[in-house]
Amino acid sequence: MPYIKTSKKSPPVSTLLDIKSQKCGLRHTVYSVSGNEYTGEWQNNKKHGKGIQIWKNSGSIYDGEWKFGKRDGHGTYSVLLPKSKAYARKYCGGWKNGKKHGYGEYFYNNSSVYEGEWSDDQRSGWGRMYYENGDVYEGEWMKDSNHGQGVLRFSNGNWYEGTWQDGKKNGNGKLYYSDKGQLYVGFWVDGVAKCGTLTDFGRDEAPTPAKYLIPKLHLVDMELVLRDAKSALIANEKQVSTPAHDKE
């Protein structure tokens, strides 16, 4: 029986041209239909590796690492200042899947600065926030708010250290009034001190000490009174937060 050699079918010319046009490796500047510019590395027709992206409408620029078309790795995002035509760094740090992730610095428009951990474009983990008014918070964050253990140092020299929830003082904490030479130790609910003790602390070093010393308490068991007050507050908070149908 004679052997018949079958010829391999070549792919269509359009397919070959498409394969050749696929961007892979280091390329010169590529312009998109919208006018955005990208200069850097590619893989399978997607930005992958190191590259610089410039957005036409805003003039913003990203210089850093990419992964399958999205900012991923370490990179710096800067914005164009319309008046001076100069670039101002907005964020420098880690990225994942196109969002801020890992450790990084963010510069706000009002001169505030955050340096610390990010997750899914939000401040989460440990971080330090420098506010415009001179206050500084250092501690834990969750979903863009102070949450967990942290210290807030006020511009006047006073500071609070304790627990936070959703950006407010919640739980046990200490507030040092270094200007007056006093210390409050107690329990907080939604930023309001509910029960605790106020004592003289560092009075000799205070720039503007209170006129009179704080008198000593003469309770038989001060700690018991504080525990009872704290327990009542916690029970009340739980009752308020419980949905009506759960109470039935």
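The values are calculated or read from the model by the stated rules, or taken from the named source; none is laboratory data. Here the structure is a predicted model, which means the values were calculated and not measured. Reconstructed Cβ throughout: ideal geometry from the backbone, glycine too, with neighbour counts over all protein chains shown. Surface areas here come from the heavy atoms of the whole protein model, side chains and all, with no ligands, DNA or RNA. Shrake-Rupley method; radii C 1.70, N 1.55, O 1.52, S 1.80 Å.
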- Checked pairs for region 68-88, first in the same structural domain as Asn45 (by the TED database), second of a type in the set (Lys, Arg) and open to solvent by 100 Å² or more (accessible area, probe 1.4 Å), C-beta under 7 Å and 6 or more apart or across chains, list as Phe68/Lys46; Gly69/Lys46; Asp72/Lys96; Gly73/Lys67; Thr76/Arg89; Ser78/Arg89
- Item | Count of residues meeting criterion [at pLDDT below 95 and surrounded by fewer than 17 Cβ atoms within 10 Å (Cβ to Cβ)] in region 173-183 | 1
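Residue-by-condition table, conditions (1) among the acidic types (Asp, Glu); (2) in contact with an Asp or Glu (Cβ under 7 Å, 6 or more places away or on another chain):
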| residue | (1), (2) |
| --- | --- |
| Lys83 | no, no |
| Cys92 | no, yes |
| Asn109 | no, no |
| Asp120 | yes, no |
- Message: Need a quick list: strands (runs of 3 or more DSSP E) entirely within region 58-97 having at least 3 residues that are modelled with pLDDT of 95 or more and within 17 Å of the chain's Cα centre (by Cα).
- Response: 70-80, 87-96
- Among (1) at pLDDT 95 or above; (2) touching an Asp or Glu at 6+ places or on another chain (Cβ under 7 Å); (3) hydroxyl-bearing (Ser, Thr, Tyr); (4) over 24 Å from Tyr77 (Cβ atoms) - the single one Thr208 does not satisfy: (1)
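Table: residues versus (1) in contact with a helix residue (DSSP H, G or I) (Cβ under 6 Å, 6 or more places away or on another chain); (2) surrounded by 18 or more Cβ atoms within 10 Å (Cβ to Cβ); (3) within 29 Å of Glu132 (Cα to Cα).
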{"site": "Gly35", "(1), (2), (3)": "no, no, no"}
{"site": "Gly40", "(1), (2), (3)": "no, yes, no"}
{"site": "Gly51", "(1), (2), (3)": "no, yes, no"}
{"site": "Tyr62", "(1), (2), (3)": "no, yes, yes"}
{"site": "Trp66", "(1), (2), (3)": "no, yes, no"}
{"site": "Gly73", "(1), (2), (3)": "no, no, no"}
{"site": "Tyr87", "(1), (2), (3)": "no, no, yes"}
